[in-house]
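This is the structure I want to talk about, given as structure tokens.
The values are calculated or read from the model by the stated rules, or taken from the named source; none is laboratory data. Remember, it's a predicted structure, so these values are computed and weren't measured experimentally. Cβ coordinates were reconstructed from backbone atoms using ideal geometry, including for glycine residues, and neighbour counts include every protein chain displayed. Each accessible area value is taken on the protein alone, full model and side chains, heavy atoms only, with ligands, DNA and RNA left out. Shrake-Rupley method; radii C 1.70, N 1.55, O 1.52, S 1.80 Å.
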Amino acid sequence: MCAAIRSDWSLDEVRELYHQPLLELIFQAATVHRAYQATAEVQVCTLLSVKTGGCPEDCAYCPQAARYQTGVNVHKLLPIEEVVAAAAEAKAKGSTRFCLGAAWREVRDNRDFDQIIDMVRGVNALGLEVCCTLGMLTEEQAIRLKEAGLYAYNHNLDTSEEHYGEIISTRTYQDRLRTLANTRRAGLTLCTGGIVGLGESDEDRIGLLHTLATLDPHPESVPINALVAVEGTPLADQPPVDALVMARMIATARLLMPRAMVRLSAGRVNMSDADQALCFLAGANSIFAGDRLLTTPNNGTDRDGALFARLGLSPRPAFKDVPAELPHP
Ligand code: SAM
Ligand code: DTB
Ligand code: SF4
């Protein structure tokens, strides 16, 4: 069952897929997953917050926004040696992708950006796929990152365009889409997805998936995060995310974007092995590993090692589907 890859999904089609009885939806998604992906392999990625906290934006979920008192350990840009050492450790523990995160609204053409460029060179030289998430970006900045060896750029849409204003007021959905277009024009692969648990409706989740699945080409990587509710943020008291809603989101994303890596991202700390197994069955094939995401705890290497052993999963090799024109060592 290798249907054509489509970017012309209608909102009604996405709605219909999403609202199917869950087990039927998961069966269909698992079938597509088997047709397009190596289902025994899961991509293992590690995050590092290279610049933490003090962010001018007001993202209601984020512990790094300066305006919320969250007790996050604020620090300026880390020294390059520390970043490359953390990447080497992540590689030794089995990660093939390393993602540098900065609590910036946007990239500025200053010495910090020069330093990020050096970090990208250093991590790429280790043979890891390098990803950055640095906020908004111009095409010229994206080109500089690509020339330094960047493989992917992460920039999440988070939720539907309709719900976006309830969560963030300091930038627009169009700003986000513009950065995605700039990133694409530079020839970088795209990592963009969203968060479940922001008080959004099913229609908002459908709207987000529709926006992602009508990008042409599709993003190579689609992170589905469950909100990590952090004390001090406006969303601190949101109810816990239902793992079955995560499975529904992942299954719908898999049906819409068969070739993408769908990442079961933040929020695994609150999920059982069985919850995560259902998400892998539904089409997830990537995780963040290590005991920390950017600022919040994550399931450590031991717990994930045991999970992979229980489920018979193995880590996906780096640069497996590298597009011919992308630089890699
Ligand atoms: N400042 C840059 C930006 O906003 O694009 C990059 C860093 S930002 C922390 C990266 C992504 O992390 C956000 O777009 C959001 O999707 C995710 N994120 C942040 N806080 C989260 C939380 N508490 N729970 C789940 N995901 C979160
Ligand atoms: C993504 O979709 N999730 C990651 C990564 N891309 C940058 C970030 C999750 C952050 C969770 C909250 C924290 O640890 O600060
Ligand atoms: Fe800043 Fe990014 Fe957090 Fe928003 S999500 S407050 S832009 S670090």
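In percent, what relative contact order does the chain have, based on Cα pairs under 8 Å that are 6 or more apart in sequence?
Numbers: 649 pairs, mean separation 80.5, N = 329.
Computed value for the chain: 24 percent relative contact order.
Taking only the C-alpha atoms, wrap a convex hull around region 1-154 and report its volume per residue in Å³ as a whole number. Mind showing how you got there, number by number?
Details: hull volume 28.4 nm³, N = 154.
Hull volume over Cα atoms, normalised by residue count, gives 184 Å³.
Using DSSP to define loop residues, name the trypsin sites (Lys or Arg not before Pro) in region 95-179 whose beta-carbon has at most 16 other beta-carbon atoms within 10 Å.
When the trypsin sites (Lys or Arg not before Pro) of region 95-179 are filtered for loop state and at most 16 Cβ neighbours within 10 Å, ARG105, ARG108 remain.
Using modelled backbone amide H atoms (1.01 Å from N, in-plane), which distant-in-sequence or interchain residues come within less than 5 Å of CYS99's amide H?
When sequence neighbours closer than 5 places are left aside, the close amide H contacts are THR46, LEU47, LEU48, CYS131.
Could I ask something else about it? Please calculate how many Å² of accessible area the chain carries per residue, with a 1.4 Å probe and no DNA, RNA or ligand atoms counted. Before the final figure, lay out the partial values.
On the way: 13580 Å² over 329 residues.
The answer is 41 Å² per residue.
Say we join alpha carbon atoms closer than 10 Å with springs in a Gaussian network model of the chain; which of PRO315, PRO234, PRO21 then has the biggest fluctuation?
PRO21
What is the log10 of I(q)/I(0) for region 28-310, computed with the Debye formula using one identical point scatterer on each Cα and no solvent, at q = 0.09, 0.16 Å⁻¹?
-0.38, -1.40
In addition: Counting other Cβ atoms within 10 Å, keep those with at most 16, restrict to DSSP loop, and tell me which trypsin sites (Lys or Arg not before Pro) in region 220-329 are left.
Numbers: sites: ARG248, ARG254, ARG259, ARG263, ARG268, ARG292, ARG303, ARG310, LYS320; in loops: ARG259, LYS320.
Answer by residue number: ARG259, LYS320.
Within region 255-283, what residues put their amide N at less than 14 Å from the label point 7 Å along the Cα-to-Cβ vector of ARG303?
265-277
Of the heavy-atom accessible surface of region 188-233 (probe 1.4 angstrom), what whole percent is carbon and sulfur?
48 percent
Sticking with this structure for a sec: If you average the alpha carbon positions of region 248-266 and of region 43-112, how far apart do those two centres end up, in angstrom?
So the separation of the two Cα centres works out to 24 Å.
Restricting to the chain, compute how many DSSP beta bridges are antiparallel as a %, nearest 5.
Close to 5 percent.
Calculate what fraction, in whole %, of the accessible area of region 42-154 sits on carbon and sulfur atoms when a 1.4 Å probe is rolled over the protein chains.
51 percent
Between ASP273 and GLU106, what FRET efficiency comes out of the Förster formula 1/(1 + (r/R0)^6) with R0 = 56 Å and r the beta carbon distance, rounded to 0.05? Please report the intermediate quantities before stating the final value.
Numbers: r = 39 Å, r/R0 = 0.70.
Result of the calculation: an efficiency of 0.90.
Moving on. In region 180-276, which GluC sites (Glu not before Pro) are in a loop and have at most 14 other Cβ atoms within 10 Å, using DSSP for the loop call?
Taking region 180-276 and a limit of 14 other Cβ atoms within 10 Å, the loop GluC sites (Glu not before Pro) found are GLU231.
Skipping prolines and chain starts, which residues have an amide H placed within reach, meaning under 5 Å, of the one on VAL72, given they are 5 or more residues away or on another chain?
Here nothing satisfies the definition.
Going by amide H atoms built from the backbone, whose H comes under 5 Å of the H on VAL42, apart from near neighbours?
HN-HN under 5 Å from VAL42: SER314, ARG316.
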